[in-house]
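Below are the structure tokens for one structure; questions will follow.
A short reminder: the numbers here are calculations on the coordinates, not readings from a lab. What you see is a predicted model; the values in this text were computed from it and never measured. All Cβ positions, glycine included, derive from the backbone under ideal geometry; neighbour counts span all protein chains shown.
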Amino acid sequence: MTTQKNLKRMVSLLPLLLVSLLLQTFAQAAEPVIWETSSRSEILKGEARGVSITETGTFLLGPRMTQVFNTEQAFIWSSAADAAGNVYLGTGHDGRIYRVAPSGGGVLFYDAAELDVTALAVGRDGALYAGTSPDGKVYRIGADGVASVFFDPPDKYIWSLALMADGSLAVGTGDNGKLYRVRAAGAKAEESLLVDTNETHVISLALDGQGNLVAGTDPGGLILRVAPDGKVFALFDAPLREIHALASAPDGSIYALALSDAASTARSSAGGTTQTTTDASGGTTSVTITAVDEAGNPLQSGQTSARSRSDLSGARSAVFRLQPDGSSDVVWSSNTITAFSIAPAPQTGGVLIGTADKGRIYSVTNDGRDTLLLQSNEGQISSFAVRGQEVYAASSNQGKLYRFGSELNGEGTYESPVRDAKLDAAWGRIWWRSRGAVELQTRSGNSERPDQTWSEWSAPYRDPNGAQVASPRARFIQWRAVLRAPQGGAGTASAEMEDVSIAYLPRNVAPEVLSITTLPTGVGLQQLAQIQTDPNVETSGLDPSIFGPVVAAAPRRIYQRGARSLQWQAEDRNNDTLEYTVYYRSLNENSYRLLKDKLRDNFYTVDGAALADGRYVFRVVATDAPDNASGQALTGERVSEPVDIDNTPPVVSALGEAKLIGDRARVVLEVTDATGMVKHADISVDGALWRSVFPDDGIADSPRERFTLDLPLEGAGEHTISLRAFDSNGNIGSIRLTVRK
């Protein structure tokens with residue numbers, strides 16, 4: 001048993017061992033980088049075609065989605081299915097309605113005078129009701145395509161329609177937030193105000209299991225239950241602005257899609273349009289088209305860190321589940337994705353969510369586990385219509401109708417996000433985990449996005465234990481997976497894949513010393529105690545950054561007589577460990593002399609007393625030798641600005657004897673500095689506090705300065721006069737005179 005375990009362990013380590021042996025042959029940085037594509041957040045940055053991605057990042061063959069009809073319109077605002085299997089599509093901005101037969105043939109059914117067909121519902125007699133916006137009406141359209149105005153309210157928008165239990169039509173409007181009931185009465189229609197919600201918009205409508213009408217509003221984010229007699233009860237007050245879509249589930253629960261203030265477009269200021277869809281059972285779902293970029297795709301923000309789905313702070317959209325007993329749960333939420341449509345999932349239970357995230361459809365269970373079910377070729381999934389076990393998905397940008405059910409694809413592909421190696425790199429091996437028919441390919445290039453300048457896709461890699469990447473050396477790389485349905489009949493494993501890894505070794509580049517700073521004379525630098533790295537980490541071969549960043553403390557500044565301290569900044573694009581060597585030479589010399597080598601700190605204090613007075617330059621050389629093989633290390637260097645070394649103090653001398661003039665003594669002193677210049681002078685009489693004095697020319701700024709001083713003397717007897725002078729490098733010279741009064 002022990003032998004078998006050891007053998008399995010050796011087999012599992014074989015890909016890494018082969019990678020290590022291979023990459024040692026390249027004259028590059030010492031350690032390879034392993035690009036592991038396993039986190040779902042990174043996986044979702046890629047392109048999935050015909051594959052589903054579970055919440056754990058496992059790739060599976062997805063449901064077969066076929067295009068049923070292309071409206072050749074930009075937007076599909078609404079959809080509805082009748083009992084015969086026909087699907088009706090309301091579009092914008094030409095205000096057209098298309099009828100798509102179960103066989104897939106589609107025709108223009110009606111062309112409205114208004115810009116957008118924002119709501120559809122099918123009556124019991126098979127007639128189609130269509131709500132239009134802006135300044136809209138509700139039309140009743142017979143099977144022959146002949147339309148008549150069924151309801152013409154004073155409201156600007158017809159946002160939602162739903163067929164009530166008694167066969168009357170519920171109409172949700174804006175900008176006055178009213179809910180109407182309209183009954184057919186012979187050739188005419190009888191209308192009545194069912195509810196004035198005191199909201200701006202009644203965005204979405206649905207029917208619950210008891211025949212009550214459920215309405216979603218904006219901007220209060222309310223979900224209202226309206227009994228047939230018009231009695232209103234608030235089921236839920238969402239923390240987001242707009243209840244954008246509602247869908248009734250077979251178990252009697254209601255799914256509600258809510259949008260935040262940032263994502264909501266029911267307001268005229270948002271520049272978007274809200275759409276409503278109705279399925280054959282009379283339930284409705286609502287969809288909002290958000291602000292779009294130049295390509296017509298909704299604007300999405302970047303990825304964020306992991307959070308609870310119940311944390312709605314900053315959420316763009318969220319889906320709630322309202323159960324028959326009155327309880328509610330957050331099923332799904334996202335800070336980055338705008339959801340457009342929802343529908344009960346007929347195959348797995350839970351809810352389907354259509355989004356602007358690359359036109360993707362997510363399947364989410366009631367306990368919050370979400371799977372990327374499908375990815376379309378369009379900008380967004382704008383509405384759903386469910387009929388039995390089949391789901392019709394309408395898209396926008398372009399407006400097309402798709403259909404999918406329980407049948408899986410025979411083949412699916414996934415293209416990873418592009419990996420930036422930062423430098424041109426040599427590719428090692430690629431390996432993954434899978435079962436069934438799975439093969440991978442790679443391609444590489446030197447532009448950020450794959451284009452005609454990239455290499456072609458490589459020949460397939462079929463061994464999950466690892467294969468040498470065949471793509472040419474470059475800065476960027478991408479991989480593609482192809483999953484195929486089993487060909488061997490019963491007992492053949494279905495295709496699954498996860499945890500794809502590629503090893504690569506970026507080209508080694510020389511380190512660069514960015515700057516050298518010289519501190520004032522007398523400032524020494526002292527290393528502070530650093531947080532020690534666990535020595536076991538270094539011997540394990542693991543990257544120390546896994547255990548958290550190691551912060552290097554800045555050196556402490558101390559006074560050190562005559563010291564000249566150097567600090568420098570350096571970088572290495574390979575993140576190699578650097579060592580430094582410091583050299584020096586005087587300006588009248590040609591060759592450098594070694595001062596200190598094998599430094600890991602980026603500072604060094606020069607003992608000024610060790611060098612003769614003069615002007616010097618210092619050269620700092622950085623090497624990446626600690627992390628590279630012998631003979632493969634590279635260096636970078638920088639030379640400092642000239643630095644003065646002056647250890648000789650100024651000389652202070654008296655010019656003649658002190659003269660007594662009354663109660664004052666006049667002394668004439670001269671200060672001379674051989675290397676630098678006189679900077680400052682102080683005087684003290686009889687041990688009193690030092691006070692500044694100025695030279696005869698008023699400014700201490702030359703190597704020789706004369707001071708003529710008239711000093712008051714208190715009392716008879718012997719008096720002591722002391723003067724100290726400083727040069728520009730902090731050296732001090734002094735003199736002491738005795739005067740008798």
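Could you tell me which of ALA249, GLY50, VAL513 has its Cα farthest along the dipole of the chain towards the positive end, charges placed at Cβ (Lys, Arg +1; Asp, Glu -1), taken about the Cα centre?
Going by the Cα projections, it comes out as VAL513.
Another question, if that's okay. Around ALA130, with a cut-off of 12 angstrom between Cβ atoms, what is the net charge of the other residues, counting Lys and Arg +1 and Asp and Glu -1?
+1
For region 651-740, with only Lys/Arg (+1) and Asp/Glu (-1) charged at the beta-carbon, what is the dipole magnitude about the Cα centre, in debye rounded to 20?
Using Cβ point charges on Lys, Arg, Asp and Glu, region 651-740 gives about 120 debye.
Oh, and also: Just to confirm the number: angle between the C-alpha axis of helix 2-23 and the first principal axis of the chain, 0 to 90 degrees, nearest 10?
Value to nearest ten degrees: 70.
Something else: Using r as the Cβ-Cβ distance of ASP311 and LYS45, and R0 as 22 Å, what FRET efficiency do you calculate, to the nearest 0.05?
Result of the calculation: an efficiency of 0.50.
Right, another one. Taking the Cα centre of the chain as origin, sum charge times position over the Cβ atoms of Lys and Arg (+1) and Asp and Glu (-1), and report the length of that vector in debye to the nearest 20.
In debye, rounded to 20, the chain gives about 1200.
Could you tell me which of GLY631, VAL617, SER406 has its Cα farthest along the dipole of the chain towards the positive end, charges placed at Cβ (Lys, Arg +1; Asp, Glu -1), taken about the Cα centre?
GLY631
Can you sort LEU611, LEU660, LEU401 from fewest to most other Cβ atoms within 10 Å of each residue's own Cβ?
LEU660, LEU611, LEU401
While we're on this one: When the Karplus curve 6.51 cos²θ - 1.76 cosθ + 1.60 is applied with θ = phi - 60°, which whole-Hz ³J(HN,Hα) does each residue of region 329-335 get, with x for Gly and Pro?
9, 8, 7, 7, 7, 8, 7
Still on this model: Run the reach check for LYS659 against lysines, Cα to Cα strictly under 24 Å, same-chain hits fewer than 8 apart removed. What comes back?
Cross-link targets: LYS741.
Sequence gap at least 6, Cα distance under 8 Å: using those rules, report the relative contact order of region 335-381 to the nearest whole percent.
After rounding, I find 32 percent.
Could you size up the charge dipole of region 393-486 around its Cα centre, putting +1 on the beta carbon of Lys and Arg and -1 on that of Asp and Glu, and report it in debye to the nearest 20?
I would put it at about 180 debye.
Which value at 222 nm does the chain reach when only helices count, each DSSP H run of 4 or more adding -39,500 (n - 2.57), with the total divided by all residues and rounded to the nearest 500 deg cm²/dmol?
Calculated from helices alone, the mean residue ellipticity at 222 nm is -1500 deg cm²/dmol.
Given a cut-off of under 8 Å on Cα pairs at least six residues apart, what relative contact order in percent is computed for the chain?
Relative contact order of the chain: 10 percent.
Right, another one. How high is the FRET efficiency from ASP710 to LEU689, r the C-beta distance, R0 22 Å, rounded to 0.05?
0.75
Need one number: nm distance between label points at ASP237 and ASP325, each 7 Å from Cα along Cα→Cβ, rounded to one decimal.
2.4
Right, another one. Test of understanding: extend the Cα→C-beta vector of ALA654 to 7 Å, then name every residue of region 720-738 with backbone N under 19 Å from that spot.
Zone members listed by number: 720-725, 733-738.
At what distance in nm do the modelled label points of ILE699 and GLU512 sit from each other, each positioned 7 Å from its Cα along Cα→Cβ?
4.0
Same structure, new question: What does the highest-first list of 93-99, 340-346, 66-72 look like by mean Cβ count within 10 Å?
340-346, 93-99, 66-72
Same structure, new question: Rank the residues TYR604, TYR88 as a footprinting-exposure proxy: fewest other Cβ atoms within 10 Å of their Cβ go first.
TYR604, TYR88
Along the charge dipole of region 651-740, which of VAL651, PHE707, ALA674 sits closest to the positive end, that is, farthest toward it, with unit charges on the beta carbon of Lys, Arg, Asp and Glu (+1, +1, -1, -1)?
VAL651
Sticking with this one: Between SER148 and ALA610, what is 0.36 nm times their sequence separation minus the Cα-Cα distance? Round to one decimal in nm.
Full extension from SER148 to ALA610 adds 156.0 nm.
Hey, another quick one. Region 651-740: D in µm²/s via Stokes-Einstein (Kirkwood Rh, Cα pairs, 25 °C, 0.890 mPa s)?
185
Hey, can you rank 563-571, 37-45 by average C-beta count inside 10 Å, highest first?
Most protected by this proxy first, the peptides run 563-571, 37-45.
What ranking do 319-327, 129-137 get when scored by the average of other Cβ atoms within 10 Å per residue, highest first?
Order by mean packing, descending: 129-137, 319-327.
Pairs to check: LYS45/LYS178; LYS422/LYS598; LYS231/LYS358. Give those whose C-alpha atoms are more than 32 Å from each other in this structure.
With Cα atoms farther than 32 Å apart: LYS45/LYS178; LYS231/LYS358.
While we're here: For the chain, max minus min Cα coordinate along each principal axis, in Å, sorted largest first?
So the three principal-axis extents are 133, 76, 49 Å.
With an 8 Å cut-off on Cα pairs and a minimum separation of 6 or more residues, tell me the relative contact order of region 651-740 in percent.
Relative contact order for region 651-740 comes out at 32 percent.
What is the distance in Å between the Cα centres of region 653-672 and region 153-180?
107
I've got another one for you. Take the Cα of ARG433, step 7 Å along the line toward its Cβ, and report every residue of region 495-518 whose backbone nitrogen sits under 18 Å from that point.
495-503
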